Amino acid sequence: METQRWVNLGLILGGGLVFLFLSRLLAEVWMLAALPQWGTDMPVSPEVLIAFFLAVSVAITTRYWSQANRFFNEVVVELAKVTWPVRKETVSSSGVVLALVGVAALLLAFLDFVWGTMARQVFSF
């Protein structure tokens, strides 16, 4: 039952992201279609209401869809088995990655310079 709490939290956050996406998308569609706007006396626009109800319905439908709910519960169980690195490991690994990316960038810049110089010499006749 503990996993279901994490699944519910994830679905709430996912519904919030769906709401943000749909509200922006519907606002653009509403504007492009030149649909009528409500007066200033209404606290929210119609496209925001539509986006809210669609996001809530997607979250609720996903929550009560047994296959999706079982899948998300299994994901939470598997994530609980993951051994997460400590801060020191993460910082040192990030440093190694940044150093190697820097070396690769310098190497590619050098090769680009050499290749460009050779190409200019060949095509300058």
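The values are calculated or read from the model by the stated rules, or taken from the named source; none is laboratory data. Quick caveat, the model's predicted, so the values are computed rather than measured. Here the Cβ is made from the backbone with ideal geometry for all residues, glycine too, and neighbour counts use every protein chain on show. The protein model used for the area step is the full one, side chains on, heavy atoms only, and it has no ligands, DNA or RNA in it. Shrake-Rupley method; radii C 1.70, N 1.55, O 1.52, S 1.80 Å.
Here are a few things to note about the model shown:
- Selection among Ile12, Val82, Leu26 by position relative to the dipole of the chain gives Val82 as farthest towards the positive end (Cβ unit charges, Cα centre).
- Among Glu47, Glu74, Glu89, the largest mean-square fluctuation in a Gaussian network model of the chain (Cα springs under 10 Å) belongs to Glu89.
- Scanning the chain for DSSP H helices at least 24 Å long along the axis (C-alpha atoms) with a Kyte-Doolittle mean no lower than 1.0 picks out 2-32, 46-64, 87-122.
- For the chain, Kirkwood radius (reciprocal of mean inverse C-alpha pair distance, Å): 20.3 Å
- Accessible surface calculations at 1.4 Å, restricted to protein heavy atoms, place the chain at 84 Å² per residue.
- Whole-number percent relative contact order across the chain, with pairs defined as alpha carbons under 8 Å at least 6 apart: 30 percent
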